[in-house]
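Read through the structure below, which is laid out as structure tokens, and then see the notes.
The values are calculated or read from the model by the stated rules, or taken from the named source; none is laboratory data. Please read these numbers as outputs of a predicted model, since none were measured by experiment. Reconstructed Cβ throughout: ideal geometry from the backbone, glycine too, with neighbour counts over all protein chains shown. Just the protein is used for accessible areas: all its heavy atoms, side chains included, with ligands, DNA and RNA removed. Shrake-Rupley method; radii C 1.70, N 1.55, O 1.52, S 1.80 Å.
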Amino acid sequence: MEKTPRLLLCSRLVEGKQSRVYDVSLSSAFISWREVRENSKKRSAVKVYGPLKAAGSHCVPVCEIIAVQEAEEECPRTDVGKWQKVPQNPAGSNQHAFTVSYVERTLKHCWRCTEVTFRCSDTKLCLQWVQTIREQLALLTIRPKRLLVYINPFGGKQRGKRIYEQKVAPIFSRASISTDVIVTERANHARDHLKTEADLKKYDGVVCVGGDGMFSEIMHGLISRTQCDTGVDQNCSDETLIACELRIGIIPAGSTDCICYATMGSNDPVTAALHIIVGDSQPLDVCSVHHNNTFLRYSVSLLGYGFYGDVLTDSERKRWMGPARYDISGVKTFLSHHYYEGTVSFLPADGNVGTPRDKIQCRSGCNICQLPSIDKAVYKDEDSISDTETDGVWRVVRGKFLAINAACMSCACPRSPKGLSPSAHLADGTADLILVRKCSRLDFLRHLLRHTNKEDQFDHPFVEVYRVRQFSFTPKHQETDSELELREREGSSKHFFTHICREHPACGCTQTPSSWNCDGEILSHAAIQVRVHCQLINLFARGIEEPSVFEDPSYNLCAI
């Protein structure tokens, strides 16, 4: 049975703007206020999204209070004339007041910072309210006090600096968060600074202002710094990586902001800033990508070979066109309809984490993502034992593919609200591997269109999807002799000539491989090995909240 929150203060106060009288209560869990009515007539209730606001009652969790400050407000005056510039109220008529800034939920998973001001004639009572609320906020040790902020002034529509200065910095200041701000001057500036120069012990978190590329820089710098400080070799694909201690905040200012959208349900900068202020924490899986024994990159959203790799490769030649280049390159790649032959090997995940088609979406407080954190020792032991000792056995799939995609999250964005894999989870230690085999243009178009609607995008005979912990891919022209011999045993009559062509590539019949799209960056190798590292980093986020948190007026109901 849950303990009843301890009541700390209860007073009858006057709300500053509308001069209505409220009974205001503060407990260890909530601050709440209910309007005192002179008659029994009920005023018409206006539907407002957020912590309880119904029938004149308001309830806000203490953990979602941004700040409280003492203010002096003058009593409303009706005798202010056109030429009256100096208040004419007699001495002592000013009433002391305090203002509470708190989180209010609006439509489409957005948050905003709202204020309420209460007046009280007793100075001591006002100070008591301010001091008590501040004491409760001081107990929230998960909140950051000092942040290292990197701003990308070039990403997206080059709005990063303006967004931070106009929308984010004032809220950080109100919440008494100190910041050290660095405006990046070149590509990988933030990554290199984090890896070598930054004194991370001074900060409670690192914040990036930009798009997904800027987040990738911060992530690479922080993970690399952590592995370097702990003596972990990143080039060894079998190494168990050490989780980063500092949380990462994202202030979206890019073209798509996929990471922010998939972890908060919104790409609104104010919402992201408020998640940072309240100290939210959302673990996130990270994929390490290797070629042989050489580390290539980390990935948290999309690894795409074939269609998405070709789109990115072509769009890089059209950077002068801005964000429109992705649409043009997408149409061009779709019409070209290239397919690629190769071998995919993967280690399936156990059944405890579900399947990509179970329609269980990852939401705030996800039970599946909480399983690894309940018993992390079990998952750490999995890294140290051989693959054959786990409940899965490596599987091999060969064929001709239009696309090979691996998603560590839904990869949702405004253009694709469901994403590439709607049931992918943020922190369960798995990735969803999607194999789209060779098919007609019309069938492939049907598959792509399902990314934008509510139909099952995997419900096609040419699409296979698996939940995996590791996988590797080898293009056909790079297959080893043993793999070619295996193909010959499978009964294909043309493998003899394939072997001859492999020995003599000058004949020109070897197909050019595609490229891997790794979170918007092109990998230098087509043959890769990928491993999912469970909860390697933490974001200032809480996952996508259920719609009831925003729309149900009975949510967070608390007694006054």
| remark: Whole-Hz Karplus couplings 3J(HN,Hα) for segment 527-544, θ = phi - 60° and coefficients 6.51, -1.76, 1.60, Gly and Pro as x, run 8, 9, 10, 10, 9, 8, 9, 5, 6, 6, 10, 10, 9, 7, 7, 9, x, 6
| message | With the cut-off at 29 Å, tell me which of the pairs 17/157; 332/418; 195/318; 108/161 have Cα atoms farther apart than that. | response | 17/157; 195/318
| Which stretch or stretches of segment 288-307 have amide N atoms under 17 Å from the point lying 7 Å from residue 522's Cα along the Cα→Cβ direction? | 297, 303-307
| said: Check which residues have an amide H placed less than 5 Å from residue 150's amide H, if you skip close sequence neighbours. | reply: 182, 207, 208, 209
| note | Residue by residue through segment 454-466, the couplings from Karplus 6.51 cos²θ - 1.76 cosθ + 1.60 with θ = phi - 60°, in Hz, x for Gly and Pro, are 9, 6, 6, 6, 9, 8, 9, x, 9, 10, 10, 9, 9
| note | Carbon and sulfur atoms account, in whole percent of the 1.4 Å probe accessible area of segment 229-280, for 40 percent
| query | For segment 261-317, rounded, prolate or oblate, judged on the Cα gyration tensor with a ≥ b ≥ c (square roots of eigenvalues), a/c < 1.5 rounded, else prolate if a/b > b/c? | reply | oblate
| request: Could you tell me what percent of the accessible area of segment 116-159 is made up of carbon and sulfur, with a 1.4 Å probe and every protein chain present? | output: 52 percent
| remark: When every protein chain stays in place and a 1.4 Å probe is rolled, 32, 178 sorted by accessible area with the largest first are 178, 32
| field | Rel. contact order, % - alpha carbon contacts under 8 angstrom, at least six apart, segment 102-173 | value | 12 percent
| query | To the nearest 10 square angstrom, what accessible area does residue 64 show with a 1.4 Å probe? | reply | 10 Å²
| query | Taking the Cβ-Cβ separation of residue 71 and residue 9 as r and a Förster radius of 22 Å, what is the calculated FRET efficiency to the nearest 0.05? | reply | 0.75
| Nitroxide proxy distance, nm - points 7 Å out along Cα→Cβ at residue 512 and residue 182 | 3.8 nm
| note | With R₀ set to 51 angstrom, the calculated FRET efficiency between the beta-carbons of residue 17 and residue 240, to the nearest 0.05, is 0.35
| said: Defining a contact as two alpha carbons under 8 Å apart and six or more residues distant in sequence, what relative contact order in percent does segment 293-343 show? | reply: 38 percent
| query | Which percent, nearest 5, of DSSP beta bridges in segment 98-235 are antiparallel? | reply | 40 percent
| said: Quick check: convex hull over the Cα atoms of segment 203-313, volume per residue in Å³, rounded to an integer? | reply: 112 Å³
| query | Under a point-charge model restricted to the Cβ atoms of Lys and Arg (+1) and Asp and Glu (-1), what is the dipole moment magnitude of segment 404-485 relative to its Cα centre, in debye to the nearest 20? | reply | 500 debye
| field | With all protein chains modelled, accessible area of residue 174 [1.4 Å, Å²] | value | 80 Å²
